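Shown next, in structure tokens, is the structure this report addresses.
The values are calculated or read from the model by the stated rules, or taken from the named source; none is laboratory data. What you see is a predicted model, and the numbers here were worked out from it, not measured in a lab. As a convention, Cβ positions derive from the backbone with ideal geometry for all residues, glycine included, and neighbour counts pool all protein chains shown. Each accessible area value is taken on the protein alone, full model and side chains, heavy atoms only, with ligands, DNA and RNA left out. Shrake-Rupley method; radii C 1.70, N 1.55, O 1.52, S 1.80 Å.
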Amino acid sequence: MTSVLATHRARTLLILSAVAITGGVLYDYRMVYTGLAIFFTTLAFRGLITLSGIAASRLQVEWVYKPCVEGERLVVEAVFRNKLPFPAGLLEASINYTPHLRLLEGSRAGVFTVPGRGEVRYRLVFKARTGRHKIGPFKIIVRDLLGLFRTPEFTVGSACEVRVKPRASETVVRRLFTHTRTLGLTRTRETGVGVEFYDVREYEPGDELRKIDWKKLASKNILAVKEMEREAFQNIIFVVDGTSTAMKGPYGGTPFEHVARVVSSITRFLSSRGDSVGLVIYSDRGVMSTSGLLKGRRAYAEVLSLLSNIEFAVREGSSDYERAGVLDMVFKRILEIMPRERNAVFWFTISGAQIYASSLINVVNKISQLGNTVYVVIPVTVAYEVVGLEKTARAIFRLKTFEQVRREVEFARSLKKLGVKTLAIGPEHIPQVVVNIIETLAASWKG
């Protein structure tokens, strides 16, 4: 049960009640009735606010939201249930939520009453963006209609965590299929165990009898065996920078959000072909990864789930020292999920100080020395159109964008000078370039 505080109005009424009663005793007894009426009315309001406070403190809050992908409307409802027979109210409710979500409908604060044995729904609509976001809990103050009494602010219910998946672009996936077929960049075919016919060769001692081409033996009296096709699946590991630094930028257009869309689109394409895909994400809170290198729908589903589970948060005071410090953990996690055969690793990150660059180069070299091919991919985003800003603000925004692009390009050049394979390109071109590299590596590894 919460305590009840008297406001200045209640104190004023009690003083008036005391004055009226005193006046009635000294001058006119009828003033006593007025004073008592004021006193008992004030006392009744205090009793009501006490009951309302009890009901409010015992409210049950259930969060209801429908899963969605970025860019959609994220509808979140808090259902307040009152199990007691008397109402909870008048409630002044305020809610805190991550500042990185944009509220489209609803309000941070509201006033309502929850009837006895009833419920009230509080609805908020946000513009969804990739990652994990915290909404709530509610802070409540109970007041009476006349503003005589109120309770201290207290918390009702718990916070709600919503997870928003990135959007895999159907257009990008179709474009990748078209591009690989047009240029002949299809999966490498090798001989081996399979169901598709590949070629016929002469019989060699030790070949299985079931592979003999009996038709060729009967028609040309040549002993030959059939070879079946085995598609050379690739092992691809994506490493994503999910630190606070990568989450700075315009709404829906931060480096992390661009990369999440790119990785989800490429994963959907690769998983549909049967390639093995793994994902490692490092953030200010640690390292997360898929359970291993996965194929098919499971790979796509787990990659999306992992990207949606990264807390979207921009911490003040975060530095490149912290980013550099977590890279050793990233390397260990990569080794845990990486098969022994050759793998293609694409490391998505943005520019940083020298300490971060040195740590990144060190880890990339370690992975490369194990026989893998590693590319550092730096998304370079450019704001072509700035809407809704005044002329001066628009000029400042473009200047900041230009400076950011310059830093990314210089960072990429510094990595290249030290022998690191680096790509600094726009997010819209990354999927095609990455798939081209994967197919080229497949052909070279076969040779």
Requested in this report: Six or more apart or on different chains, Cβ under 9 Å: which pairs go from a residue in the range 30-43 that's open to solvent by less than 70 Å² (accessible area, probe 1.4 Å) to one that's in a helix (DSSP H, G or I) and of a type in the set (Phe, Trp, Tyr)? Could you list them?
Outcome: none
Query raised in the report: Restricting the search to the range 59-91, which residues are open to solvent by 60 Å² or more (accessible area, probe 1.4 Å), under 14 Å from Val120 (Cα atoms) and not in a strand (DSSP E or B)?
Result: Lys83, Pro87
**Report entry** Which numbered condition Ala324 fails, given (1) among the small types (Gly, Ala, Ser); (2) in contact with a helix residue (DSSP H, G or I) (Cβ under 6 Å, 6 or more places away or on another chain); (3) touching a residue at least 40 places away in the same chain (Cβ under 8 Å)
**Finding:** (3)
**Report entry** Pick from the range 270-289, criterion of a type in the set (A, V, I, L, M) and open to solvent by 20 Å² or more (accessible area, probe 1.4 Å), ranking: nearest to Ala301 (Cα to Cα)
**Finding:** Met288
Report task. Looking at (1) open to solvent by less than 20 Å² (accessible area, probe 1.4 Å); (2) at pLDDT below 95, find the lone condition where Ile334 falls short. Result -> (2)
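Given Phe256, Phe238, which one is at pLDDT 75 or above, crowded, with 19+ Cβ neighbours inside 10 Å and farther than 27 Å from Glu316 by Cβ? Give the derivation first.
Values: Phe256 fails: farther than 27 Å from Glu316 by Cβ.
It is Phe238.
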Report task. Output the number of the condition that Leu223 fails; it satisfies all remaining conditions of (1) crowded, with 17+ Cβ neighbours inside 10 Å; (2) among the aliphatic types (A, V, I, L, M); (3) modelled with pLDDT under 95. Result -> (1)
Report task. Go over the candidates Ser17, Ser3 one by one and state the one that is more than 58 Å from the chain's Cα centre (by Cα) and in contact (Cβ under 8 Å) with a residue 24 or more places away in the chain. Result -> Ser17
Query - Residues (β-branched (Val, Ile, Thr) and either in a loop (DSSP other than H, G, I, E, B) or more than 20 Å from Leu270 (Cα to Cα) (or both)) located in the range 329-346 - result: Val330
Query raised in the report: Listed residues Glu316, Glu302; which is surrounded by fewer than 16 Cβ atoms within 10 Å (Cβ to Cβ) and closer than 23 Å to Thr254 by Cα?
Result: Glu316
Report task. Within the range 399-447, track down each residue that is among the small types (Gly, Ala, Ser), at pLDDT 90 or above and under 24 Å from the mean Cα position of the chain (by Cα). Result -> Ala424
